[in-house]
Amino acid sequence: MLEYALIFWAGGSVIKIHEYQSKELLANFGVPVPKGRVASSPEEVAEICRELGGTAVVKAQVYAGGRGKAGGVKLVNSPEEGVEYARGLLGTRLVTVQTGPEGVPVQRVLVEEPAQVERELYLALTVDRSAQGPVFIASAAGGMEIEEVAETQPEAIAREGVDIAVGLQAFQARRIARGLGLDAGQQRSAARIMAAMYKLFMERDLTLIEINPLVVSKDGSLVAVDAKVSLEDDALFRNKDFSDWRDPEQETPLEVEASEYGIAYVKLDGSVGCLVNGAGLAMATMDLVRGAGATPANFLDVGGGADEAKVAKAVNIMLSDPDVESILVNIFGGILRSDIVARGIVRAYDETKSEIPLTIRLQGVQVDEARAVLDESGLQVSFAETLLDVEARLAESLG
Ligand code: GDP
Ligand code: MN
């Protein structure tokens with residue numbers, strides 16, 4: 001189940017933004033964040049360090065977590081030290097456990113007043129697909145090891161679903177805050193933070209707000225030391241600032257290309273490129289690929305309104321993914337006619353002269369014409385008449 005959730009949640013349908021932008025949103029809704037600013041040159045870093053009184057935390061701004069362990073977060077004790085660190089970081093690529101080996105470019109750093117850390121908590125708000133509503137996720141074991149905690153001590157992570165008809169209730173916020181081991185005053189601050197997160201989440205159509213760590217400072221105050229906010233891309237039209245904030249350099253070239261053509265693209269780590277239309281068919285396709293003893297390299301969803309050029313583009317993107325050893329097309333031709341799909345596939349194979357094996361299960365409108373187009377093209381296509389036929393044919397293509 002997690003894998004399906006991953007496809008439609010972490011994939012092309014989620015708009016990411018930088019930490020400094022996430023914190024700006026949180027601050028606007030009343031969540032305390034450290035004082036600081038973003039910088040794109042060592043000189044600016046020095047200036048902000050001086051404003052903050054000398055010491056500062058300098059943090060790489062990239063669309064990936066795990067920066068702390070990868071050398072992308074540093075406490076500096078003087079403007080000079082800040083400059084030196086920023087010189088070594090800006091313009092390089094940061095590789096963390098959440099990036100590929102090629103890493104992501106660091107073009108900006110966030111320079112902030114250091115928090116005086118007493119404890120590090122985890123507090124997130126996301127969508128629980130099975131409960132069909134928002135859910136708070138909280139743990140007293142926040143910080144850099146949270147993924148490990150989730151695996152080894154799942155009981156250390158609390159979940160609290162919210163009924164959107166009534167919103168976050170005071171008793172729920174109290175229950176979460178108590179579970180975090182906070183004293184009475186801190187429980188009230190935590191409840192205010194949760195109320196602000198919920199308001200932001202609902203007003204801005206978010207899919208995720210993750211604060212990790214939410215720091216309990218030595219003076220007892222709470223502050224969001226790291227934050228990540230993601231938006232549902234279907235809601236971009238009424239969240240224009242997210243489009244302006246979008247940083248294509250943080251995305252892989254294939255992701256950028258796909259989004260330019262309005263194609264939903266999700267990269268996975270298997271060997272079968274999957275061209276589908278619609279989320280339901282994508283899930284079924286995932287099972288079929290599994291049944292053939294393989295795993296998907298990617299999913300491309302061209303949607304209903306695609307034309308031949310868009311289908312060709314999607315197939316082109318798949319063919320340029322070095323992990324793809326075989327392509328599976330599983331499309332039900334409706335609004336998107338089968339013959340258009342066929343013409344797009346033929347065009348992409350013509351353009352690239354690719355010899356990657358092709359398994360096609362195509363049903364629906366104009367399917368006979370689609371077959372004729374593919375037959376005439378001379379492409380080596382293995383046709384699956386039904387879904388049940390797909391597994392065997394795909395397995396065969398993989399040898
Ligand atoms: P991530 O590794 O990409 O999640 O980056 P974070 O911003 O979460 O930073 C990683 C870790 O650095 C945090 O869990 C903290 O332990 C530490 N850290 C970050 N900012 C501060 C700070 O202002 N003060 C202190 N003492 N530690 C910090
Ligand atoms: Mn973090």
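Here are some notes:
- Taking the alpha carbon gyration tensor of the stretch 309-380, multiplying each eigenvalue by 5 and rooting it gives semi-axes of 19, 12, 11 Å, largest first.
- Translational diffusion coefficient of the stretch 123-220 (Stokes-Einstein, Kirkwood radius from Cα pairs, 20 °C, 1.002 mPa s): 155 µm²/s.
- With the Kirkwood sum run over all distinct C-alpha pairs, the stretch 180-248 has a hydrodynamic radius of 13.6 Å.
- Scoring 379-390, 79-90 by mean Cβ neighbours within 10 Å over their residues and listing the highest first yields 79-90, 379-390.
- Tensor-based shape of the stretch 252-397 (alpha-carbon gyration tensor, a/c under 1.5 rounded, otherwise prolate or oblate): rounded
- Amide N of the stretch 111-137 lying under 17 Å from the label point, which is placed 7 angstrom from the Cα of Gln169 along Cα→Cβ: 133-136
- Karplus-derived 3J(HN,Hα), 6.51/-1.76/1.60, for each residue of the stretch 158-172, Hz, glycine and proline x: 9, 10, 9, x, 10, 7, 5, 5, 10, x, 5, 8, 4, 5, 5
- Among 107-116, 230-239, the order from most to least packed when residues are scored by Cβ within 10 Å on average: 107-116, 230-239
- Normalised per residue, the accessible area of the chain is 46 Å², obtained with a 1.4 Å probe and no contribution from ligands, DNA or RNA.
- Viscosity 1.306 mPa s, temperature 10 °C, Stokes-Einstein D of the stretch 35-114 from Kirkwood C-alpha radius, µm²/s: 131 µm²/s
- Part-to-part distance (alpha-carbon centres) for the stretch 120-195 and the stretch 353-394, which is given in Å: 48 Å
- Only Cα pairs under 8 Å and 6+ residues apart enter the sum, and on that basis the relative contact order of the stretch 207-339 stands at 22 percent.
- Taken along the Cα-to-beta-carbon direction at a fixed 7 Å, the label points for Lys69 and Glu155 span 2.5 nm.
- Apportionment of accessible area to carbon and sulfur, the stretch 194-259, percent (1.4 Å): 52 percent
- Percent breakdown of C-alpha pair distances by 20 Å bin, ordered from the shortest bin, for the chain: 25, 48, 24, 3
- Nearest-ten-degree value, helix 338-352 long axis tilted from longest Cα axis of the chain: 80 degrees
The values are calculated or read from the model by the stated rules, or taken from the named source; none is laboratory data. This structure is a prediction, so every number in the text was calculated from the model and none was measured. Positions of Cβ are generated from backbone atoms using ideal geometry, with glycine treated the same way; all protein chains shown enter the neighbour counts. Heavy atoms of the whole protein, side chains included, go into the accessibility calculation; ligands, DNA and RNA do not. Shrake-Rupley method; radii C 1.70, N 1.55, O 1.52, S 1.80 Å.
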